[in-house]
1. With the requirement that a residue be touching a Leu at 6+ places or on another chain (Cβ under 8 Å), surrounded by fewer than 21 Cβ atoms within 10 Å (Cβ to Cβ) and more than 23 Å from A:ALA201 (Cβ to Cβ), what does the range A:37-60 give you?
2. If the requirement is being closer than 24 Å to A:GLN439 by Cβ, under 30 Å from the mean Cα position of the chain (by Cα) and crowded, with 24+ Cβ neighbours inside 10 Å, which of these qualifies: A:ALA378, A:ALA344?
3. Regarding B:LEU79, is this residue assigned to a helix (DSSP H, G or I) and within 30 Å of B:ALA247 (Cβ to Cβ)?
4. Select from the range A:195-223 the residues that are of a type outside the set (Val, Ile, Thr) and within 17 Å of A:THR179 (Cα to Cα) and list them in ascending order.
5. Got a number for residues in the range A:322-338 being more than 8 Å from every other protein chain (Cβ to nearest Cβ) and surrounded by fewer than 22 Cβ atoms within 10 Å (Cβ to Cβ)?
6. List the residue pairs whose Cβ atoms are under 6 Å apart, where the first residue sits in the range A:299-320 and is within 14 Å of another protein chain (Cβ to nearest Cβ), the second is among the hydrophobic types (A, V, I, L, M, F, W, C) and in a loop (DSSP other than H, G, I, E, B), and the two are 6 or more positions apart or on different chains.
7. Please verify whether A:TYR125 is over 29 Å from the mean Cα position of the chain (by Cα), at pLDDT below 90, of a type in the set (Phe, Trp, Tyr) and in the same structural domain as A:ASP220 (by TED's automatic domain parsing), treating the condition exactly as stated.
8. Check off (1) touching a residue at least 60 places away in the same chain (Cβ under 8 Å); (2) assigned to a helix (DSSP H, G or I); (3) surrounded by fewer than 24 Cβ atoms within 10 Å (Cβ to Cβ) for B:ALA165 and give me the number that stays unchecked.
Amino acid sequence: MSETLLTLDRLTKAYPGVVANKDVSFTIGRGEIHALLGENGAGKSTLVKTIYGLVKPDSGTMTLNYAPFAPAEPGAARKAGVAMVFQHFSLFDAMSVAENIMLGMDNPPSPHAIAGEVRRVSHLYGLPLDPDRIVGDLSAGERQRVEIIRCLLQDPKLLIMDEPTSVLTPQEVDILFLTLRKLAAEGTSILYISHKLAEIAALCDNATILRHGQVVATCDPRQTAPREMAELMVGTVLQSPVRTARPEGPILLALKGLSAPAPHRFGTVLHDITITVRAGEVLGIGGVAGNGQDELIAALSGEMPVAPGMVELEGAAIGGDAVNARRAAGLLCAPEERLGHAAAPDMTLTENALLTGSRRKHLERNGFLRWPAATAFAKDIIKTFDVRTPGPGNTARSLSGGNLQKFVIGREIMQNPSVLVVNQPTWGVDASAAVAIRQALLTLADEGAAVIVISQDLDELMEVSDRFCALTDGRLSPARPARGLSVEEIGLMLGGAHDLEVAHVEGHDASSGSLPSQMKQVVQP
Amino acid sequence: MIALDKRPQPSRAWSYAAPVLAVVLTMLVGGILFAALGKNPVEVIRTIFLDPLFSKNAWFYRPQLLIKGAPLVLIAVGLSFGFRAGIWNIGAEGQYIIGALCGAAVGLAFHPMESWLVFPMMIVAGAIGGGLWGLIPGILKVRFGTNEILVSLMLVYVAESLLAAMALGPLKNPEGMGFPGSRNLSQYPSAANLELISGSGMHWGVVAALIAVIFAYVLLARHIFGFQVRLAGQAPRAARFAGVNPARMILICMGLSGALAGLAGMFEVSGPAGQVTIDFNVGYGFTAIIVAFLGRLHPVGILLAGAVMALTYIGGGIAQSNLGLPAAAISLLQGMLLFFLLAVDVLTHYRVRFLNKAVA
């Protein structure tokens, strides 16, 4: 443990206009799980890309195993024993697990040998995976296992994991952590990148915190309060969102047996989704991406029309209405993908304000656009939601993720929706912007709107939701009051059909009252 | 080593400068080509780009500029909507032919009745004919997911065969002593698209082209439809989210570009060409694609690009007759223009950086 594996010494990398890393130094010991913490844009990605040979530092040196280490390309880094699991998987949906793993190898052995190796390694590290399955049919957690096993087959000395848990259910996280601890115990070092502090406290031996490209602190995450680490990351004191107690309002949105076929081959079928949302209420919908989130929001926004009676807004059947008719009626949405879906990347903020605001903000008259009014609306959003940009004439692409997300969410909130549906409102957003967005959603609910938050981030859902339900394989569980829900219970709700027996048994054992029957509904649609 | 860095937003200056630079590069490389053909490059370039405007015979060529430019601009304005929305109508040549056939057929059907109504009806028939021909690839794309590039292009050859059949069959001049080709519409006053001001080259097609430019400008800058067209091209998912129906957008763009191409064909057949003949079409529909891109898909740009392209047609003709330049050299010059424009366009979206070898 005390032996040093990798030493970074004063690494500096500058891009035009921004210094991504400045004099970054730290060491990783053999068998150590080392956390790299920081907000988006703090320089974590640049740093790991440097270690993985994708980026060449301007100055500074690295030492691996007491030898100078300066990989010119990822191949050289892999040869030296560095492996990396990226946040976004690079897998081919139409190919099998074994074929995908072969594609990443420099000198692949026969497919048969690979399949055997995959079985052996997956068994050894408790990562169940069938090498003959088609990747398109795998869950996000299973896809990640493909990536991990691909790395483990190289027998790495250092394994870099970039935000590995963002796509996993709590149970899958537990499995992953067991694997990582086993690897560390065998002497493999792990560089673990995340901004989820609870995980880091549970898993890591040491933590290096980056802010604006510089190391601001090194600490033992088990000894340091999560709040302290968060504030080191952000550099300011974080405010928790506040909310007031509200009386129960009338039902604004009702989904009645909403079902829809998969829109494309790897899409998800929506099965009989039934739920109501009241005025002044925030409904949280949890679940791992790819379980019907995109389809659900498309059915709500009108991009995927369904039978009229399946969606009711204030008693009116609108399931068959087009996008703009729903907007006019007061049902607004903010989809997950900011660039290209919620906003047009190469258009100005004024044009993007017009994109959804034309109807409700009266930015057109008889089809003719009122550009001054659109500019004023964009300026209004920028001001109210503290969007950092020189002005409404800048393109959406030029904004950082957090700022664009504030703009997109702000654009919908400022149209006074009666129902607002947001998908992954703080995905890839820095901590202070995330707090602002959550607060804005709560304020909107306080003012009498119904808000649906679809997210993979359970902490976020627990923070904002009044009621919580889980979306698994296109099925929605009954909603339960979010207050007092334990992580285990949430995990079971998210577990899905393949955990049927476990869920049932644990439900019986763990609690009394109404839980078992509800759990049954979750897993037996 | 040269590296290209993507610009955070496209450079405004370069988007204006690129077409000009493309024209200059075309002149340079074209000059080298002409020199290789054994001609004096300076003289050829001067003949093509300056003689139509400033030589002592310019009084004859200048009206030709409007006559050649009008169909190019009219077709290119229509195409620009589809191109902006990511809908690739390559078959304007076919829509141009069908528009001419429909317009001429209506005119010929009324021969020799004199009425002021005949010409307006021909205009409507030309637009509808071209529009429907353009809708065929549109409907096939929406209904069956076919590729509109291939279908619209292949329909050009169908239209050409139809043109030949019409010129030899139903539309053939009964008093034409068996020669292929229809009656001459310019000799039928009610159906003739004559010069509005004698000697100016100004005919109804020129008026239509100018009106189209103004309409397109207003539509793109001030109307929700123009906004939706741009949105559909830049971010299709965002367009759906903004309430744009992709199928309707395809049909509108294909129909609109087809209708304008049909109009151009109608004005040509009733005016400068005068009659339906086997070789009526001379490639305006294809050249208009270059005009649309050279004009940055912007109505005013298209007007200027149409003028430049008309210049190469006329100047190329002069160079052919006076300097003995092969016709293919002129087509090559026009193709080069698009080629260089696309190449230079890299500068609009990317910043060029020269790397020091020692660092790399």
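The values are calculated or read from the model by the stated rules, or taken from the named source; none is laboratory data. Since this is a predicted model, take the numbers as computed values, not measurements. Here the Cβ is made from the backbone with ideal geometry for all residues, glycine too, and neighbour counts use every protein chain on show.
1. Residues of the range A:37-60 touching a Leu at 6+ places or on another chain (Cβ under 8 Å): A:37-38, A:42-44, A:47-48, A:50-51, A:57, A:59-60.
Going one step further and asking which of them are surrounded by fewer than 21 Cβ atoms within 10 Å (Cβ to Cβ), we end up with A:48, A:59-60.
Scanning the range A:37-60 gives A:SER59, A:GLY60.
2. Working: A:ALA344 fails: closer than 24 Å to A:GLN439 by Cβ.
Among A:ALA378, A:ALA344, only A:ALA378 is closer than 24 Å to A:GLN439 by Cβ, under 30 Å from the mean Cα position of the chain (by Cα) and crowded, with 24+ Cβ neighbours inside 10 Å.
3. On the way: assigned to a helix (DSSP H, G or I): yes; within 30 Å of B:ALA247 (Cβ to Cβ): yes.
Answer is yes for this residue.
4. Pass one, the range A:195-223, residues of a type outside the set (Val, Ile, Thr): A:195-199, A:201-207, A:210-214, A:217, A:219-223.
The answer is A:GLU199, A:ALA201, A:ALA202, A:LEU203, A:CYS204, A:ASP205.
5. Selection size over the range A:322-338: 5.
6. Qualifying pairs under 6 Å: A:ALA299/A:VAL306; A:GLY302/A:ALA322.
7. Details: over 29 Å from the mean Cα position of the chain (by Cα): no; at pLDDT below 90: yes; of a type in the set (Phe, Trp, Tyr): yes; in the same structural domain as A:ASP220 (by TED's automatic domain parsing): yes.
So A:TYR125 does not fit the description; no.
8. Condition (1) is where B:ALA165 drops out.
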